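K.L.:
Here it is: the structure, laid out below.
The values are calculated or read from the model by the stated rules, or taken from the named source; none is laboratory data. Predicted, not measured: the structure shown is a model, and the values here were computed from it. Every residue, glycine as well, gets a Cβ built from its backbone with ideal geometry; the counts of neighbours run over all protein chains shown.
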Amino acid sequence: MKVEIVSVGSYEKKIQFSVSAEMVKQEIDTYYRDLAKKVRLQGFRPGKAPRKVLEMRYGKQVQTDVANDLIQKGYTQALDENAIAPVSRPKVNSGVFAMGMDFDFTITVEVKPEIVLEHFKGVEVVYPQVEVSEEELASMVDARLANEKRLVPVEDRPIELGDRAIVALTALDGEVEVAKELGTMLSTVGETYYKGLEGELIGMNLNEEKTATVTFAADARNESVKGKELSVTLTVSAIQTEQVPELTDELAEELGYDGGAEGMKMALAARLTSEREELSRNQARANLLQKMIELNEFDVPPGLIDEQLEALLNELRLQEAYRGRDPRTLRYTDAQMADLRSRAQFAAKGGIILEWVANHEDLKVTDEDMDAKYLELADERNQTVEAIRGWFVKEDAVEDLRDRMLEEKTLDWLLEHATLLTQAPAVAEEAAVAEETTSEE
């Protein structure tokens, strides 16, 4: 079988095959010999059916099968011997297949373009500065304290919306007592057991007694009162309200922060700074990759873009499923699909650039790097390293993880060899908003 490979453009290869008439005959003869051993034809002993009878009954199928077999064998051998890695389904164009004739066919495949980057060191890239203001820190402290709300007694005012009260109550349906509580906690917001009674509590004072006609909600959890209009007598024995505690050294220590109130503020500021530094670094990586794409123009195979687009769509489907929604209901407008395809093209080009840099600079992910990543993931998920490593092995995802880590390592290498342009936080935030608005339009 003769094979000739022709490059068409920057990302397409045309593999031309020519199978001699002699080889075609050998393949057909072999097929018929095997077929004769397998088929059972009435009037003939196993393996003794004449060739002409087999040709009359199976001729068209034999030609199709042998041609397909030659195409598959030739294609696989050409890929292996010439280190061709297709990024899309092959396109086959075959000539006439018949005994006594050469069989010619052509397979066209898309491959990653062979590039040589002219600009990859010293690239100017915007790196947003990180800053945490006093206002932001105060807001973060308030949010943390809000999680520690505590019920405190109220004695100097009547019940207000949001309070809870301990009350004794009696509910009568005419003369029949349908409910009696010597002391139960009721809420003025979100009450479920005696739903419908909340409004009557507002304005009552400690130790006050009150009788009122109450229409209870149809979905009140107390079966005795739900949906009924009853005469209810209430007596308030305690009033409680949720209160956010003040930040003190004692409370900070109780919440697990060393160094009292100041130590808590420093820890929260460090956490916020760390989160923003990670966001800033990721933004700088994206800025760098965008700049690299602009400086090094090359075409990308449509098949590779389609592959990235499908991966992006699958990720969106997974996110939808995690939210408890049916991913099959996802629908995109033409504008949204155009944006997704643009992002897929960016990912395809970025991947090719990072692969070239990694190969050019001999960057690799070592076994030690993998072990450190497993440990990091184990700490994040509160699992053992063995469990994390086992999951990746079971899901056959070890090499995918290694590839992602190599991309990150390559991006970090590029950042280390870039010219960083700092950008004030306010400017960076405005740029991000502007970019988001543009993408929505």
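K.L.:
Which of the residues spanning the stretch 335-375 are in contact (Cβ under 8 Å) with a residue 40 or more places away in the chain and not in a helix (DSSP H, G or I)?
P.N.:
So in the stretch 335-375, the residues in contact (Cβ under 8 Å) with a residue 40 or more places away in the chain come out as 339, 345-346, 348-358, 360-361, 363-365, 369.
The answer is Glu361, Leu363, Lys364, Val365.
K.L.:
For the stretch 297-337, give me each residue that is within 28 Å of Lys13 (Cα to Cα) and out of contact with any helix residue (DSSP H, G or I) (no Cβ under 9 Å at 6 or more places or on another chain).
P.N.:
Glu297, Asp299, Pro302, Gly303 - these are the residues of the stretch 297-337 that are within 28 Å of Lys13 (Cα to Cα) and out of contact with any helix residue (DSSP H, G or I) (no Cβ under 9 Å at 6 or more places or on another chain).
K.L.:
Another question, if that's okay. Could you look through the stretch 32-66, keep only residues that are under 19 Å from Val19 (Cα atoms) and hydrophobic (A, V, I, L, M, F, W, C), and pick out the one that is surrounded by the most Cβ atoms within 10 Å (Cβ to Cβ)?
P.N.:
Checking each candidate, the answer is Val66.
K.L.:
Can you tell me which of (1) surrounded by fewer than 16 Cβ atoms within 10 Å (Cβ to Cβ); (2) not in a helix (DSSP H, G or I) is the one Asp69 doesn't meet?
P.N.:
(2)
K.L.:
Can you tell me which of Gln308, Gln290 is in contact (Cβ under 8 Å) with a residue 40 or more places away in the chain and within 25 Å of Val123 (Cα to Cα)?
P.N.:
Just one listed residue meets the conditions, Gln290.
K.L.:
Let me ask something else. Which of the numbered conditions does Ala179 fail, given that it passes all the others? Conditions: (1) hydrophobic (A, V, I, L, M, F, W, C); (2) within 16 Å of Val225 (Cβ to Cβ); (3) out of contact with any strand residue (DSSP E or B) (no Cβ under 7 Å at 6 or more places or on another chain).
P.N.:
Exception for Ala179: condition (3).
K.L.:
Let me ask something else. I need every pair where a residue in the stretch 379-406 that is assigned by TED's automatic domain parsing to the domain that holds Gly350 has its Cβ under 8 Å from the Cβ of a residue that is of a type in the set (Asp, Glu) and in a helix (DSSP H, G or I), sequence separation at least 6 or different chains.
P.N.:
Val385/Asp371; Met405/Asp369
K.L.:
Could you list, in sequence order, the residues of the stretch 320-334 that are surrounded by 11 or more Cβ atoms within 10 Å (Cβ to Cβ) and in a helix (DSSP H, G or I)?
P.N.:
Scanning the stretch 320-334 gives Glu320, Ala321, Pro327.
K.L.:
When you go through (1) part of a helix (DSSP H, G or I); (2) modelled with pLDDT of 90 or more one by one for Phe298, which number turns out not to apply?
P.N.:
(1)
K.L.:
On the given criteria, is Leu169 farther than 30 Å from Ala252 by Cα and part of a loop (DSSP other than H, G, I, E, B)? Quick ask: steps written out before the conclusion?
P.N.:
Details: farther than 30 Å from Ala252 by Cα: yes; part of a loop (DSSP other than H, G, I, E, B): no.
So Leu169 does not fit the description; no.
K.L.:
Got at least one residue in the stretch 311-321 being touching a residue at least 40 places away in the same chain (Cβ under 8 Å), outside the structural domain of Thr213 (by TED's automatic domain parsing) and out of contact with any Gly (no Cβ under 9 Å at 6 or more places or on another chain)?
P.N.:
Here is the first cut: in the stretch 311-321, the residues touching a residue at least 40 places away in the same chain (Cβ under 8 Å) are none.
No: zero hits.
K.L.:
Okay, moving on. Considering only residues that are crowded, with 17+ Cβ neighbours inside 10 Å and either of a type in the set (Lys, Arg) or within 42 Å of the chain's Cα centre (by Cα) (or both), which ones fall in the stretch 146-176?
P.N.:
Of everything in the stretch 146-176, those that are crowded, with 17+ Cβ neighbours inside 10 Å and either of a type in the set (Lys, Arg) or within 42 Å of the chain's Cα centre (by Cα) (or both) turn out to be Asp163, Arg164.
K.L.:
For the stretch 161-190, which residues satisfy the criterion of being of a type in the set (S, T, N, Q) and in contact (Cβ under 8 Å) with a residue 40 or more places away in the chain?
P.N.:
Within the stretch 161-190, Thr170 is the sole residue that qualifies.
K.L.:
Here are Glu297, Glu278, Glu315: which of them is exposed (fewer than 12 other Cβ atoms within 10 Å of the Cβ), within 23 Å of Val87 (Cβ to Cβ) and under 21 Å from the mean Cα position of the chain (by Cα)?
P.N.:
Only one candidate passes the filter, namely Glu315.
K.L.:
Filter the stretch 32-60 for residues that are part of a loop (DSSP other than H, G, I, E, B) and either under 60 Å from the mean Cα position of the chain (by Cα) or at pLDDT below 85 (or both) and give the result.
P.N.:
Val39, Arg40, Leu41, Gln42, Gly43, Phe44, Arg45, Pro46, Gly47, Lys48, Ala49
K.L.:
When you scan the stretch 110-131, how many residues do you find that are part of a strand (DSSP E or B), in contact with a Leu (Cβ under 8 Å, 6 or more places away or on another chain) and within 15 Å of Lys13 (Cα to Cα)?
P.N.:
Total satisfying the criteria: 1.
K.L.:
Can Asp29 be described as in contact with a Ser or Thr (Cβ under 7 Å, 6 or more places away or on another chain) and either closer than 21 Å to Ile5 by Cβ or at pLDDT 90 or above (or both)?
P.N.:
no
K.L.:
Right, next: Report, by residue number, each residue of the stretch 260-289 that is under 19 Å from Asp142 (Cβ atoms), out of contact with any strand residue (DSSP E or B) (no Cβ under 9 Å at 6 or more places or on another chain) and not hydrophobic (A, V, I, L, M, F, W, C).
P.N.:
Gly260, Glu262, Gly263, Lys265, Arg271, Thr273, Glu275
K.L.:
Name every residue in the stretch 72-106 that is of a type in the set (S, T, N, Q) and either in contact with a Cys (Cβ under 8 Å, 6 or more places away or on another chain) or exposed (fewer than 15 other Cβ atoms within 10 Å of the Cβ) (or both), in order of residue number.
P.N.:
Correct list: Gln72, Thr76, Gln77, Asn82, Asn93.
K.L.:
A follow-up question, please. With Ala434, Ala428 as the choices, which residue is loosely packed, with under 12 Cβ neighbours inside 10 Å, in a helix (DSSP H, G or I) and modelled with pLDDT under 90?
P.N.:
Just a single option satisfies the conditions, and that option is Ala434.
K.L.:
Residues of the stretch 84-125 being among the acidic types (Asp, Glu) and within 42 Å of the chain's Cα centre (by Cα), which ones?
P.N.:
Across the stretch 84-125, the qualifying residues are Glu110, Glu114, Glu118, Glu124.
K.L.:
Quick check: anything in the stretch 14-21 more than 47 Å from the chain's Cα centre (by Cα) and either among the acidic types (Asp, Glu) or surrounded by fewer than 17 Cβ atoms within 10 Å (Cβ to Cβ) (or both)?
P.N.:
Within the stretch 14-21 (the criterion being more than 47 Å from the chain's Cα centre (by Cα) and either among the acidic types (Asp, Glu) or surrounded by fewer than 17 Cβ atoms within 10 Å (Cβ to Cβ) (or both)), the answer is yes, since at least one residue qualifies.
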